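Have a look at the structure below before the remarks.
The values are calculated or read from the model by the stated rules, or taken from the named source; none is laboratory data. If you're wondering where the values come from, they're calculated on a predicted model, not measured in any experiment. Glycine gets a Cβ as well: all are built from the backbone with ideal geometry, and neighbour counts include every protein chain shown. Areas reflect the complete protein model, heavy atoms only, side chains present, ligands, DNA and RNA absent. Shrake-Rupley method; radii C 1.70, N 1.55, O 1.52, S 1.80 Å.
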Amino acid sequence: MLVLDNLKVAVGDTNILNGFSLTVGAGEVHALMGPNGSGKTTLGRALAGHPAYTVSGRAEFMGRDLLTLDPETRANLGLFVSWQYPVEVPGVANAEFLRLAYNAKAKSSGKPEIAIKDFPPFLVQKIAESQVPPDYADRMLNAGMSGGQKKRNEILQLHVLEPTLAVLDETDSGLDIDALKSVAAAINAYRRADRSVILITHFQRLLDLVKPDRIHVLGQGRILHSGGPELAAKLERDGYDWIIRG
Amino acid sequence: MSDEPYKYGFSTAVEAVTLGRGLTEDTVRAISAARNEPAFLLKFRLKAFALFQKMKEPEWAHVTYPPIDYQNIQYFSAHKSAANSKPTYNSIDEVPPEILETFAKLGIPLDEQRRLSGVAVDAVFDSVSIATTHQQKLYDAGVIFCSFSEAVHQFPALIERWLGSVVPVADNYFAALNSAVFSDGSFVYIPPFTRCPLELSTYFRINNTDAGQFERTLIIADEGAYVSYLEGCTAPQSSKHQLHAAVVELVTLDRAEIKYSTVQNWYAGDKETGEGGVYNFVTKRGACRGVNSKISWTQVETGSAITWKYPSCILQGDGSIGEFYSVALTNGHMQADTGTKMIHLGKNTRSTIISKGIAADVSTNVYRGLVQIQRNAAGARNYTSCDSMLVGKRCEAHTYPYVDVQRADAVVEHEASTSKLSEDQLFYFRSRGISQEDALQAIVSGFCKDVLDVLPLEFAAEARKLLTLKLENSVG
């Protein structure tokens, strides 16, 4: 599904990722951990196609060369990268945004678009699936939402858009205990044999709720260490030092 | 995207009859004579001209431009066939085909048979009204909608009574200039208890790049009458500045209502250098003379190098209502200083001001508004909301709200906000599969919703597109 090979990502003259390689198969959950500033968020944003990054190497998604595609094409191909700090857009209704995004994807994949009048009941169902409060249908797009609410709003988008690959960037940070459980349940509800997840996180508690197949530790712009789900507990106990120092 | 041309920047080759450059009393007399005007109108012009000569160009607006050489402007420009002492055409067949073509290109077909929509159009090309459609249907309803010069000849009593009654000849520098040299425009009279059966629309087109455009619009809604009126404006692309100094006067009598909407898209000058573009120095004012009457201004300002414009309401009749809904978008080197004045004279008068300013590139966008509650305006209320959106780091937005309350019981509310349209917002949309164009449209429509919602439906769609297109060139 996703093949990253020797990926290099730079902002201006600064190299952030340097020889990053990772392969994610269908239905798999990979967790990406690592110290602050190790390039986890950069990876997500570069995959999404943020114009600030210079990217080289190989990035293949669903058999397509990701690096040649513009951000909207990547999204409509089934790539979803959640934002660590989702942007506030005052004046734009959440429901309107979701409908635009849903229809953009439907249109590009040759499926029927959803009519304005049919969208509210569809959204109600998605709100239930993603376990966000019902008033998210009436909110503005992230404007006036708390940090945690914005993160949950991203999970609502995940359920509306049903991407093939979800890269979730620290979705668990800023959530209260109950919200964390809801978000984890919503991620598990999204999972299917043909859908994959990359979880970027600092904490074991999310990985207790959403079981990863593999855990990778990022440092010096690449993966320094990989392991099974048991790695989470060791990292929680010993930190990253033993890996970084090699 | 930045070289996206101004869509309406073409000009039409039409043989024009002009008065030559310069402004003297003789110019004023010549304009009046060319239009074969009655004595009262010449007197009106001469009085305005005499006062104009003693006045100074205003300098308080937050705009800068080199001095205007008023002697280097042509004050009258008419295409040849219309200039033969004939103010308007009797039928569309008399209009030169190249002018009809110009309007067709602008999306304004004047041929009535081909017009399906319920909108009557008066088209003004340079200084002369070209054609007014749907005349018969309007006359049947008792509505007068014609060019100003036609009204001068057919309804001189109405003109003499109302002209200058809202904007006195010496109201301000540009209004005085207009009063002296105005050439044409639209006249509307809605008789008592009549709801105008069509949307009325005037389309202004500057073609001659050396000529100023000084049109005059006068709309009277008699007791219990209602009319919705829309104006649109474009001009050819020119490296010279063109002066547009219009005056619009509205009067509502008891329980009458006028809804006046503008989509202004004059040529704004070169986006990179700021060369050329229209100076849009306009005086628009409505007087709610009657009880429970209402005047509502809606404007979508997207063009002109400089905009200086404050559509205002004098709320004289008890219980009268004034509204001002505005979107002003500036990009490139544009400068806009626009807003409104709500003058509360009568009891229980109410006013609402909703202003949305969008500034991009190196433009300057100013809201300037006055809310005045005078001593007899018991129970007066005002609500004002001014929002600015900045695109990029080099533009400016300013808000100058003036509030003058002379009563303790007045309720005046003011809200203001400033936000930024950021690259991150656009990327957020794109990362969810939404194209940049759709993203811009959603963001701008959301920001301007309160204003676009009160525009007549078909024009709202046009305005939305226009705003999106203009911004696309700036975020490109």
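Net charge near B:K259: determine it from the other residues with C-beta under 14 Å of the C-beta of B:K259, scoring Lys and Arg +1 and Asp and Glu -1.
Numbers: positive: B:R195, B:K284, B:K294; negative: B:E199, B:E231, B:E257, B:E323, B:D453.
Result for the neighbourhood of B:K259: -2.
From the C-alpha gyration tensor of chain A, pull out the three semi-axes of the equivalent ellipsoid (sqrt of 5λ each), sorted largest to smallest, in whole Å. Please list the in-between numbers first.
Working: eigenvalues 170, 90, 53 Å².
Over the Cα atoms of chain A, the ellipsoid semi-axes are 29, 21, 16 Å.
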Unit Cα scatterers, Debye sum, the protein assembly as shown: log10 I(q)/I(0) for q = 0.05, 0.10 Å⁻¹
-0.33, -0.96
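Using a 1.4 Å probe and counting only protein heavy atoms, how much accessible surface gets buried when B and A come together, both sides summed, in Å² to the nearest 100?
Numbers: alone 18530 and 11240 Å², together 27850 Å².
Using a 1.4 Å probe, the pair buries roughly 1900 Å².
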Stretched out fully, how many nm does the piece from B:K393 to B:V454 gain, at 0.36 nm a residue minus the Cα gap?
18.9 nm
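Would you work out the relative contact order for the stretch A:54-172, in percent, from Cα pairs under 8 angstrom that are 6 or more residues apart? Don't skip to the answer; put the middle values down first.
Numbers: 138 pairs, mean separation 45.4, N = 119.
Value for the stretch A:54-172: 38 percent.
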Just grab the label-to-label distance for A:F203 and B:Y383, each label 7 Å out from Cα along the Cβ direction, in nm (one decimal).
4.2
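To the nearest 0.05, how large is the calculated FRET efficiency for A:D5 and B:A30 if R₀ is 56 Å and r is the Cβ-Cβ distance?
Details: r = 80 Å, r/R0 = 1.44.
Rounded to the nearest 0.05, the efficiency is 0.10.
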Threshold 20 Å² - residues in the stretch A:74-98 whose accessible area is reduced by that much or more when the chain is no longer isolated, probe 1.4 Å
A:A75, A:W83, A:V87, A:V89, A:P90, A:G91, A:V92, A:F97
Using a 1.4 Å probe on the heavy atoms of the protein chains only, list every residue of the stretch B:418-443 that has 20 Å² or more less accessible area in the complete assembly than in its chain alone.
B:D424, B:Q425, B:F427, B:Y428, B:F429, B:R430, B:S431, B:R432, B:G433, B:I434, B:A442, B:I443
Does the stretch A:48-124 come out rounded, prolate or oblate by the C-alpha gyration tensor, with a ≥ b ≥ c the root eigenvalues, rounded set by a/c under 1.5 and, if not, prolate when a/b is larger than b/c and oblate if not?
oblate
Carbon-plus-sulfur fraction of the accessible area of the protein assembly as shown, 1.4 Å probe, in percent?
50
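If I take R0 = 41 Å and measure r between the Cβ atoms of B:K56 and A:T54 in this structure, what FRET efficiency does the formula 1/(1 + (r/R0)^6) give, to the nearest 0.05?
On the way: r = 57 Å, r/R0 = 1.38.
FRET efficiency, B:K56 to A:T54: 0.15.
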Would you kindly give the portion of the calculated P(r) for the stretch B:16-475 that falls above 43 Å, as a percent of all Cα pairs?
10
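Calculate, for A:I114 and A:R64, the FRET efficiency according to 1/(1 + (r/R0)^6) with r their C-beta to C-beta distance and R0 25 Å; round to the nearest 0.05.
Using R0 = 25 Å, I get an efficiency of 0.45.
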Leaving out ligands and nucleic acids, and using a 1.4 Å probe, what accessible area per residue does the protein assembly as shown come to in Å²?
39
Karplus-derived 3J(HN,Hα) from phi for the stretch A:185-194 (6.51 cos²θ - 1.76 cosθ + 1.60, θ = phi - 60°), whole Hz, x at Gly and Pro, runs 5, 5, 5, 5, 5, 6, 4, 8, 4, 9
